[in-house]
Each structure stands twice: as structure tokens, then as C-alpha cells.
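Let me begin by presenting the structure, written as C-alpha cells, before commenting on it.
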Amino acid sequence: MARSAPVRRRATPERSPLVERAVAAYVGLAIGDALGATVEFMTPKEIRAQYGVHEDIVGGGWLRLKAGQVTDDTTMALALGESILGAGRVDALAAADAFDAWMRAKPVDIGNTVRRNLVTFRKTGDPRAPASEHDAGNGAAMRILPVALACCGQPPAATIFACRAQAHVTHHNPLSDAACETLAFMVQDFLAGRSPLDVERERLGPLVAEHPVFAWDRKHSENPSGYVVDTLQAVFQSLFATECFEDCLIDVVNRGGDADTTGAIAGMLAGARYGLAGIPRRWLRGVDELTRVRCEKQAEALIRLSGAEG
């Protein structure tokens, strides 16, 4: 679908191009979350009947959100980011404590796997959930952005270790791990200005080789579930079949299903790929302002922590 080109904006004097893309990734996550939440759990047919093409941040949905309000995808990421900044690194116990405090504050939404394993953490004090073949949901992947930013410019092993440290608090599963690590590396690649072709070849090829269940094609999948494989397949189809931030997000959320999470992850990747200049102004204005500012400031702080700017 053709969209009007967004107004191009230069990086602010206070931000390097790297920080600008990091901010765009975080704001993109919040925008995708807010946009997708409206049509979460709807089918594409239901979306077409009610909205035609869903392309504006209007709130509502099954959670009856205010326009611009975000869900657990963004608020868990922010909680994780605060724990990283507080500890000076990605730390499993700090992340578990932050998630527990987040849950105690009664978030607007929370996944069953997240809730179950945080309740277990309260009882045991162990920040590592038991390994489970049933915990291959997208709850750890949706909040991976702060890890990608905090580990930017560091050796790959550091990113892998950090991804698993935060993920295993609630999702101790090899498919979840693979998804988290792939997404974190993709964010870092886009922040570095790498081409989509290189990112697709060097990140998705190894992912599918190790875990063939992630194999995907250009066919348009609809109604993706919370299963992390379904989530990533829908996101990859939208990200690599479109040429701008707006088209990517509109494509993925109009598939319905777990649309706040597919929207959040697609927004994260597309933000890192296209930068702030590629995000439509109506969406920048439409997402909750306090949330947007928190995302911006946290992105800047996490990049500083990483030392990636030298």
C-alpha cells in the first residue's frame, strides 16, 4: 500500500545518528503496541468490517484503552530498562525484581506465562524459571529492546548472555531464546546502518538452520498467535515486504491476532531501520506523551551505558 512520505527530520544536535535510531526503535515499539492493541485478538475480516484499514492510534480494543495508551509490551520493556540502568548491566535478579514490582502495580495486561513464573519467583527468590517446552510464547521477545541497546557494540556473547538472563525470568525455552537473540542482533544491525538484505541473510538464515520451525516465506500469514514462532514469522513478512515504517506497521497489525506484540516488535525493528525521520508525525503525536518521553530518555541512557558511541 502506498503511503505519503513522512516529513524528514534531521538528528537533533544532542543526538548522534546511533542514538537517534535507538530512540526511534524505542518509540517505534510503543507506537506499534498502541496501534496494534486496538485490534488485538480480532481477525483480519473483523478488522476490515470495523475499520477498513486500521491505521490510526485510537485506543479501544478489548482492553478499552485510551488513545495512545500502551500495554505490557512497552511497560515491561521500560521496567527491564530501568533495572539495567539501576544495576549498570543486565542482571537476572534485578530484572525479576523489576518485573515483580511491575506486576504488583497492576498493569493493564499480563501474559499467563509471565504471571505464573513471577508468582514462582516470589515464592522461591530464584530469578530463573524452570525450563519448559510449553513456555515458547512471545513475552520475553517483546521486551528485548533494552538488552539490545545496553549491549550495543559489545561482543556477541555478551548479547546472548544478557538476552537469556532477562528471558529466563519468565520464559526458559530454546525457541524463546532464539527469538530474543535474533531480534537483539537485528536491532543492533539496523542501528549500525546495515542493509535489510544483509540482516535477513546473516540473522534469519542461521535462525532457521538451527530451528527449522521458524522457516518463513513471503506468503501473508494472518491472525498470528502468541506463539513466538507465529509472531516472528508475521513480523519478518511485514518488515521485509515493505519499504517504510508506516507500511510495515499497518501491514502487521491488520493481520489481527496478537497485534499489540507483533506491532511492538515490528515497530522496534522498523524504528531501528528507518530512524525517527521515517515515523509519521501523527503517530509520534498519537502515542501517550509520557510514555514516548520515557522511551526516548531510556534509549539515550542505555546507549550511553553500552559505550557504543566511544
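The values are calculated or read from the model by the stated rules, or taken from the named source; none is laboratory data. These figures come from a predicted structure and were not determined experimentally. Cβ: placed from backbone, ideal geometry, glycine included. Neighbour counts: every protein chain shown.
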Q: Check whether at least one residue in region 273-284 is out of contact with any helix residue (DSSP H, G or I) (no Cβ under 9 Å at 6 or more places or on another chain) and part of a helix (DSSP H, G or I), and report yes or no.
A: yes
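From the list 72, 91, exactly one residue is at pLDDT 95 or above and touching a Pro at 6+ places or on another chain (Cβ under 8 Å). Which is it? Quick ask: steps written out before the conclusion?
Details: 91 fails: touching a Pro at 6+ places or on another chain (Cβ under 8 Å).
Checking each option against the conditions leaves just 72.
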Q: Evaluate the following for residue 210: is it at negative phi, more than 18 Å from the chain's Cα centre (by Cα) and touching a residue at least 40 places away in the same chain (Cβ under 8 Å)?
A: no
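Just for region 110-136: of the residues that are free of Cβ contacts under 8 Å to residues at least 60 places away in the same chain, closer than 16 Å to residue 227 by Cα and of a type in the set (A, V, I, L, M), which one is surrounded by the most Cβ atoms within 10 Å (Cβ to Cβ)?
Step one: of region 110-136, the residues free of Cβ contacts under 8 Å to residues at least 60 places away in the same chain are 110, 112-135.
This time we only want the ones that are closer than 16 Å to residue 227 by Cα, so: 110, 112-114, 132-135.
Add one more test, that the residue is of a type in the set (A, V, I, L, M), and what stays is 110, 114.
Working: 110: 18, 114: 26.
Filtering region 110-136 for residues that are free of Cβ contacts under 8 Å to residues at least 60 places away in the same chain, closer than 16 Å to residue 227 by Cα and of a type in the set (A, V, I, L, M), the one surrounded by the most Cβ atoms within 10 Å (Cβ to Cβ) comes out as 114.
Are any of the residues in region 137-151 among the polar types (S, T, N, Q), out of contact with any Leu (no Cβ under 9 Å at 6 or more places or on another chain) and at pLDDT 95 or above?
Here is the first cut: in region 137-151, the residues among the polar types (S, T, N, Q) are 138.
From what is left, the residues that are out of contact with any Leu (no Cβ under 9 Å at 6 or more places or on another chain) are none.
There is no residue in region 137-151 that is among the polar types (S, T, N, Q), out of contact with any Leu (no Cβ under 9 Å at 6 or more places or on another chain) and at pLDDT 95 or above.
Being assigned to a loop (DSSP other than H, G, I, E, B) and surrounded by 16 or more Cβ atoms within 10 Å (Cβ to Cβ) is the requirement here; does residue 182 meet it?
So residue 182 fails the test.
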Q. With respect to the numbered conditions (1) at pLDDT 95 or above; (2) closer than 24 Å to residue 97 by Cβ; (3) in a loop (DSSP other than H, G, I, E, B), which one is the sole condition not fulfilled by residue 109?
A. (1)
Q: Can you give me the number of residues within region 1-56 that are at pLDDT 95 or above, surrounded by 13 or more Cβ atoms within 10 Å (Cβ to Cβ), in a loop (DSSP other than H, G, I, E, B) and small (Gly, Ala, Ser)?
A: 0
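Among the residues of region 86-106, which ones are of a type in the set (A, V, I, L, M, F, W, C), surrounded by fewer than 18 Cβ atoms within 10 Å (Cβ to Cβ) and in a helix (DSSP H, G or I)? Steps first, please.
Restricting attention to region 86-106, the residues satisfying the condition of being of a type in the set (A, V, I, L, M, F, W, C) are 87, 90, 92-96, 98-99, 101-103, 105.
Adding the requirement that they be surrounded by fewer than 18 Cβ atoms within 10 Å (Cβ to Cβ) leaves 87, 93, 101, 105.
Correct list: 87, 93, 101.
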Q: Look at region 30-69 and say how many of its residues are out of contact with any Cys (no Cβ under 7 Å at 6 or more places or on another chain), in contact (Cβ under 8 Å) with a residue 24 or more places away in the chain, within 18 Å of residue 289 (Cα to Cα) and hydrophobic (A, V, I, L, M, F, W, C).
A: 7
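For region 57-68: of the residues being out of contact with any Gly (no Cβ under 6 Å at 6 or more places or on another chain) and farther than 19 Å from residue 252 by Cα, which is surrounded by the fewest Cβ atoms within 10 Å (Cβ to Cβ)? Steps first, answer last, please.
Taking region 57-68 first, the residues out of contact with any Gly (no Cβ under 6 Å at 6 or more places or on another chain) are 58-64.
This time we only want the ones that are farther than 19 Å from residue 252 by Cα, so: 63-64.
On the way: 63: 16, 64: 9.
Selected residue: 64.
Given the criteria part of a loop (DSSP other than H, G, I, E, B) and surrounded by 22 or more Cβ atoms within 10 Å (Cβ to Cβ), does residue 79 qualify? Don't jump to the end; show me each part of the working.
Numbers: part of a loop (DSSP other than H, G, I, E, B): no; surrounded by 22 or more Cβ atoms within 10 Å (Cβ to Cβ): yes.
Taking the combined requirement at face value, the residue does not satisfy it.
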Q. Is there a residue in region 217-235 that is in contact (Cβ under 8 Å) with a residue 40 or more places away in the chain and under 16 Å from residue 54 (Cβ atoms)?
A. yes
(Q) Anything in region 213-259 that is of a type in the set (Gly, Ala, Ser) and either at positive phi or assigned to a helix (DSSP H, G or I) (or both)? List them, or say none. (A) 234, 238, 241, 256, 257, 259
